[in-house]
Structure formats: structure tokens, C-alpha cells
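**Student:** Provided herewith is a single structure, encoded as C-alpha cells, for subsequent inquiry.
The values are calculated or read from the model by the stated rules, or taken from the named source; none is laboratory data. These numbers were taken from a predicted model, which means no experiment stands behind them. Note that each Cβ is placed from the backbone with ideal geometry, even for glycine, and that neighbours are counted across all protein chains shown. Accessible surface is based on the protein model in full, side chains and every heavy atom, while ligands, DNA and RNA are left aside. Shrake-Rupley method; radii C 1.70, N 1.55, O 1.52, S 1.80 Å.
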Amino acid sequence: MAPLLSVKRLSLRRDEGEGSAILHDFNLEVEEGEVVIIKGPSGCGKTTLLKCIAELSVYQSGEILLDGKRSLDYGVPKYRTLVQYVPQRPSLLPGTPAEFLDTIRRFSSRKKTQEDQKGETDPMALAEKWGIERTMWGREWATLSGGEGQRIALALAVGIGRAEVVLLDEPTSALDEESMKTVERSLLEMLPPLRTQNSNVS
Ligand SMILES: Nc1ncnc2c1ncn2[C@@H]1O[C@H](COP(=O)(O)OP(=O)(O)OP(=O)(O)O)[C@@H](O)[C@H]1O
């Protein structure tokens with residue numbers, strides 16, 4: 001059986017392919033239920049790798065497969081609902097989290113099956129458990145603190161329940177220790193790891 005996610009010989013260079021290499025022939029296989037931690041020094045390409053997997057960055061060569069199929073086989077919008085990227089700085093997103101949630105729900109409601117609804121948790125209720133008041137969803141992303149934006153982005157990614165792969169880019173880097181523990185505890189409850197894997201980008 002094909003792994004849930006495979007990254008095969010991924011290579012990407014800086015400056016639209018004209019500069020030095022960021023990733024060179026990078027390979028990764030992730031099985032269903034597996035939690036993978038990507039480690040490496042600042043600037044080595046961790047965010048770039050996650051953005052490539054989410055089809056948000058253009059790479060020069062290599063292949064990324066979800067359940068053995070390319071993003072183009074799914075169609076990129078559908079692929080992005082299956083592979084969700086939670087950015088390090090959601091404050092750079094336009095509009096408000098409530099608008100974002102509406103857009104996802106409008107897109108989802110047309111195709112939602114009972115199977116889709118199984119893993120769903122209300123993102124607002126989830127974020128509330130992490131100390132995010134419901135009124136915050138109506139504020140522009142740019143006006144939220146780094147930690148508030150991170151908790152909302154995380155609640156959106158894991159609460160909607162359609163994602164097969166959730167890519168978390170330092171998801172708790174802007175949180176204080178207590179909030180970090182609360183968020184990590186509930187993430188672990190929602191995403192029980194069958195196995196863990198450490199992968200280095202260097
Ligand atoms: N659009 C771009 N154009 C040119 N260089 C870029 C671009 N995006 C990223 N880079 C460079 O690619 C390298 C990898 O960046 P990336 O953000 O993936 O690193 P990282 O490992 O996530 O770092 P950190 O741990 O500091 O967040 C860096 O040298 C960065 O400056």
C-alpha cells in the first residue's frame with residue numbers, strides 16, 4: 001500500500017530556481033497516523049518544505065504524492081483542504097478568521113458527506129478551550145497577537161476535520177508555556193500518534 005504522503009527527490013533553489021539550493025533530493029514517507037517532527041537550524045528550509053507539501057511554493061523537481069496521487073489529480077483547491085498548512089505567522093493573512101471559516105464552510109457544505117463530518121469539531125469551541133473568545137474571530141488577522149492568531153489557525157486546521165495531513169509550522173512558537181501545554185495536550189488527544197519519526201533538514 002502507498003504511504004499516506006510521499007515526498008520524492010524534492011529539489012528547490014532560491015530566487016525562482018536561479019540561486020543556491022534550499023532542498024536537494026529530499027525524501028520523506030509518512031504513514032497514516034504517524035507524527036513526524038522536522039528539525040534543523042534556522043533558514044535550512046523547514047518552512048519551505050512544508051509549503052511545497054501544501055503546494056504553496058513552487059519547486060524545480062521532485063514529486064509529492066498524497067495516497068499515491070499528485071495534487072493535480074485531486075485539483076489544487078481540494079488538495080489544499082486535504083493537506084492543511086498552519087503558518088508560523090497567520091497575522092499575514094487578509095481579512096478575519098470568521099470570514100476564513102465561512103469560506104471553508106461554504107466550500108465544504110457543497111460536498112460534505114457523513115464520513116467528512118465524523119472528525120469535525122467546531123473550531124470556535126476548540127479555540128475557546130485554548131482561551132480564545134468568540135469575538136476575536138471577527139477581528140482582522142493583523143490585529144491579533146501572534147499567539148492568538150496561532151491558536152485560531154490551529155483550531156481551523158484541526159477542527160474542520162477534512163484534512164488528511166496537517167502541517168504545523170512551529171505551531172506554538174508564539175505561545176506562553178501554559179497555553180502551549182494546553183494546546184499540545186488537546187492536539188495529542190485529537191491526533192493520537194501511532195508512531196513518531198524525526199527527520200532532519202540540513
Ligand atoms: N521567496 C524566497 N526567495 C528567496 N529565498 C527564500 C525565499 N523563501 C525562503 N527563502 C530562503 O530559503 C531558506 C529557507 O527558508 P525557510 O523559511 O524554509 O527556513 P526555516 O528552516 O523554516 O527557518 P526558521 O527556522 O528560521 O523559520 C532561507 O535561507 C530563506 O532566506
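**Student:** Counting Lys +1, Arg +1, Asp -1, Glu -1, what net charge surrounds THR47 among other residues with beta carbon under 14 Å of its beta carbon?
**Tutor:** Combined, the nearby Lys, Arg, Asp and Glu give +3.
**Student:** Shifting gears a bit: In Å², what does the accessible area per residue of the chain work out to with a 1.4 Å probe?
**Tutor:** Value for the chain: 56 Å² per residue.
**Student:** Two decimals, Cα atoms only, Kirkwood Rh: what is Rg/Rh over the chain? Walk me through the intermediate numbers first.
**Tutor:** Numbers: Rg = 16.9 Å, Rh = 17.8 Å.
Across the chain, the Cα-based Rg/Rh ratio is 0.95.
**Student:** I would also like to ask the following. Pull up the DSSP beta bridges for region 5-200 and report the antiparallel fraction as a percent, rounded to 5.
**Tutor:** Just about 55 percent of them are antiparallel.
**Student:** Distance from a point 7 Å along Cα→Cβ of LYS129 to each backbone N in region 156-170: keep the residues under 15 Å and list them by number.
**Tutor:** 156-161
**Student:** While we're here: With +1 on each Lys and Arg Cβ and -1 on each Asp and Glu Cβ, and nothing else charged, work out how big the dipole of the chain is about its Cα centre, in Debye to the nearest 20.
**Tutor:** 380 debye
**Student:** Same structure, new question: Ignoring everything except DSSP H segments at least 4 long, calculate the 222 nm mean residue ellipticity for the chain; use -39,500 (n - 2.57) per segment, divide by total residues, nearest 500.
**Tutor:** Values: 8 runs with 72 residues, N = 202.
Calculated at 222 nm, the ellipticity per residue is -10000 deg cm²/dmol.
**Student:** Which is the longest stretch in the chain that no exposed loop site breaks, taking sites as GluC sites (Glu not before Pro) with a DSSP loop state and at most 15 other Cβ atoms within 10 Å?
**Tutor:** Segment 33-119 is the longest.
**Student:** I've got another one for you. Check which residues have an amide H placed less than 5 Å from TYR85's amide H, if you skip close sequence neighbours.
**Tutor:** Those lying under 5 Å, H to H, from TYR85 are LEU167.
**Student:** Further question: Quote to one decimal, in nm, the extra length available between ASP15 and THR143 on full extension: 0.36 nm per residue of separation minus the C-alpha distance between them.
**Tutor:** Extending this stretch completely gives an extra 43.0 nm.
**Student:** Find out how many positive minus negative residues lie around ASP25, taking Lys and Arg as positive, Asp and Glu as negative, among other residues whose Cβ is under 13 Å from that of ASP25.
**Tutor:** +2
**Student:** Out of THR121, THR103, THR47, any idea which swings most in a Gaussian network model of the chain, alpha carbons joined below 10 Å?
**Tutor:** Result for the chain, Cα springs under 10 Å: THR103 fluctuates most.
**Student:** Sketch the reach of a paramagnetic label on ARG105 as a point 7 Å from Cα along Cα-to-Cβ, and name the residues of region 130-151 whose backbone nitrogen lies under 16 Å away.
**Tutor:** What the label zone holds, given the 16 Å backbone N cut-off, is 134-139.
**Student:** Then there's this: How big is D for region 115-188, in µm² s⁻¹ as a whole number, if Stokes-Einstein is applied with the Kirkwood radius of its Cα pairs at 4 °C and 1.567 mPa s?
**Tutor:** My calculation gives 103 µm²/s for D.
**Student:** Please turn the phi angles of region 60-68 into ³J(HN,Hα) values with the Karplus equation 6.51 cos²θ - 1.76 cosθ + 1.60 (θ = phi - 60°), one per residue in order, whole Hz, x for glycine and proline.
**Tutor:** Residue by residue, region 60-68 yields 7, 8, x, 9, 10, 10, 10, 6, x Hz.
**Student:** Calculate one ³J(HN,Hα) per residue across region 96-105 by plugging θ = phi - 60° into the Karplus curve 6.51 cos²θ - 1.76 cosθ + 1.60, and present them in order as whole Hz with x for glycine and proline.
**Tutor:** Calculated HN-Hα couplings, in order: 10, x, 5, 5, 4, 5, 4, 4, 4, 5 Hz.
**Student:** Hey, any idea what % of region 131-181's accessible area is carbon plus sulfur with a 1.4 Å probe?
**Tutor:** 47 percent
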